[in-house]
Amino acid sequence: MADTNDDAGTQGQPTDAGAPKETFYSSRGWVWRDTFTMIRANPLLGVGLGAYETAFSIYTKSDGSLRVPQAHNDYLQVVADCGIVGGVIAVWFIALVFRAVSRGARSADPLYAGLALAAGAGIFAMLVHSLFDFNLQLPSNALLFLLLSAVAVNIGSAVETGPESSHATVRRNSLELETARVSSASLAGGVS
């Protein structure tokens, strides 16, 4: 039988290669279970934005020897922190962003369509990653998510669908002119 290391940072990890590997339940599953307990106790408004770490110790079934600042699932964390109200707001925001991505992807302008699809793909990848980690709680990742969301919404709002066209058309506005100016300056190798 292999010995395990009892240091706080490596608790439960085997000291030799022959020991059993870490399972989902031993790493994240028990945190999610206790997070569901927290959600059931505070379903409507949650425990308070940013209060997860403090409240977790009240609802955990563990001995409390480990500090758990995040749920390792952004969706569970939002509902635990802000309840059903916060969860509905988050879903609404994501739906609006993907509606804008869809509108932008139907643009007749291939640059706009490509930018909308690229922003949507980046957002989708971050949302999938959020199922198993707390990546949107890291400032750099949150900033990237918001930047991609802003690009998608800006492109989606610049595109209008008309009943006379099967493709979306782009309104002539400052966004399109600036995009064209930057693109032509980049292609020409010049500085504007």
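The values are calculated or read from the model by the stated rules, or taken from the named source; none is laboratory data. None of these values were measured; they are calculated from a predicted model. Every residue, glycine among them, receives a Cβ derived from its backbone with ideal geometry; neighbour counts consider all protein chains shown.
Of all residues in segment 45-72, those that are modelled with pLDDT under 80 have Cβ atoms under 9 Å from Cβ atoms of residues that are in a loop (DSSP other than H, G, I, E, B), 6 or more apart or on another chain, in SER62/VAL68; SER65/GLN11; LEU66/GLN11; LEU66/THR60. Taken over segment 46-68, the criterion of being within 20 Å of the chain's Cα centre (by Cα), surrounded by 19 or more Cβ atoms within 10 Å (Cβ to Cβ) and of a type outside the set (Ser, Thr, Tyr) is satisfied by GLY46 alone. Scanning segment 92-119 for residues that are at pLDDT below 95 and aromatic (Phe, Trp, Tyr) yields one hit, TYR112.
Exactly one residue out of SER107, SER130 is surrounded by 19 or more Cβ atoms within 10 Å (Cβ to Cβ), on the phi < 0 side of the Ramachandran plot and under 11 Å from the mean Cα position of the chain (by Cα), and it is SER130.
Got at least one residue in segment 53-68 being assigned to a loop (DSSP other than H, G, I, E, B), closer than 21 Å to HIS129 by Cβ and aliphatic (A, V, I, L, M)? Yes, segment 53-68 contains at least one residue that is assigned to a loop (DSSP other than H, G, I, E, B), closer than 21 Å to HIS129 by Cβ and aliphatic (A, V, I, L, M). Residues that are within 18 Å of ALA125 (Cβ to Cβ) and either loosely packed, with under 13 Cβ neighbours inside 10 Å or of a type in the set (A, V, I, L, M, F, W, C) (or both) were ranked within segment 92-104; the one that is nearest to the chain's Cα centre (by Cα) is ILE94.
Of the conditions (1) under 18 Å from LEU49 (Cβ atoms); (2) crowded, with 19+ Cβ neighbours inside 10 Å; (3) over 17 Å from the mean Cα position of the chain (by Cα), ALA71 satisfies every one except a single condition; which number is it? The one condition ALA71 does not meet is (3). Filtered by the rule that a residue be surrounded by 20 or more Cβ atoms within 10 Å (Cβ to Cβ) and either more than 29 Å from GLY50 (Cβ to Cβ) or of a type in the set (S, T, N, Q) (or both), segment 136-151 gives a lone residue, SER149. When ILE123, ILE84 are checked against the criterion of being touching a helix residue (DSSP H, G or I) at 6+ places or on another chain (Cβ under 7 Å), at pLDDT 95 or above, among the β-branched types (Val, Ile, Thr) and in a helix (DSSP H, G or I), ILE123 stands alone in meeting it. ASP81 - would you say it is closer than 30 Å to ASP34 by Cβ and within 12 Å of the chain's Cα centre (by Cα)? No: the conditions fail for ASP81. ILE89 meets each of the listed conditions (1) modelled with pLDDT under 85; (2) in contact with a Cys (Cβ under 8 Å, 6 or more places away or on another chain) apart from (1).
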